[in-house]
Amino acid sequence: MLHLKSLYIMGPEASGKTTVGLGLALSLQKKGFKVGYIKPISSSFHPTKQEDEDALVFKQALNLLYDISVITPLKIGSHYLSSLQKKEKYQRTIMASLDEIKKYDFDLVLIGGSTSLYHLSSHGLDDISLAEELQ
């Protein structure tokens, strides 16, 4: 359970999640609210891209002080289905990032969805399941 105000933004790839989330975050910041960001599941299937572009945009635009590894705790690639990782380990990784973010006392934390609603569904950690778990 997250125990702070959050909004999970999810949808299919190229649906405008980043644009809507960033617009909302900047608008709220302009009104004096402290806004944080996390993208629990970062998916990069490109062999040379190391960091999630959405995470980098939010980190810079919102002037987030925590590390990019906190913003994107789980990075999955093209072989995530064959991963030997257990659901519990993935959950602990995500929760550790959320615990770090809680320290910043944000008014709202935006949670960015993965490029697919179903990434890690085999582990019960897809966007829909995560949104329910984090309330």
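Computed quantities for the displayed model
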item: Cα-based reach from Lys59 at 13 Å (exclusive), listing aspartates and glutamates while leaving out same-chain residues under 8 positions away; result: Glu51, Asp67
item: Built amide H within the under 5 Å cut-off of Tyr37, gap 5+; result: Leu110
item: Cα→Cβ-extended label distance, 7 Å offset, between Leu7 and Asp107, nm; result: 1.2
item: Mean Cβ neighbour count within 10 Å, used as a protection proxy, ranking 51-60, 11-20, 28-37 highest first; result: 51-60, 28-37, 11-20
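Quick note: the coordinates plus some simple rules give every number you see, no bench work behind them. This is a predicted model, so every value here is computed, not measured. Note that each Cβ is placed from the backbone with ideal geometry, even for glycine, and that neighbours are counted across all protein chains shown.
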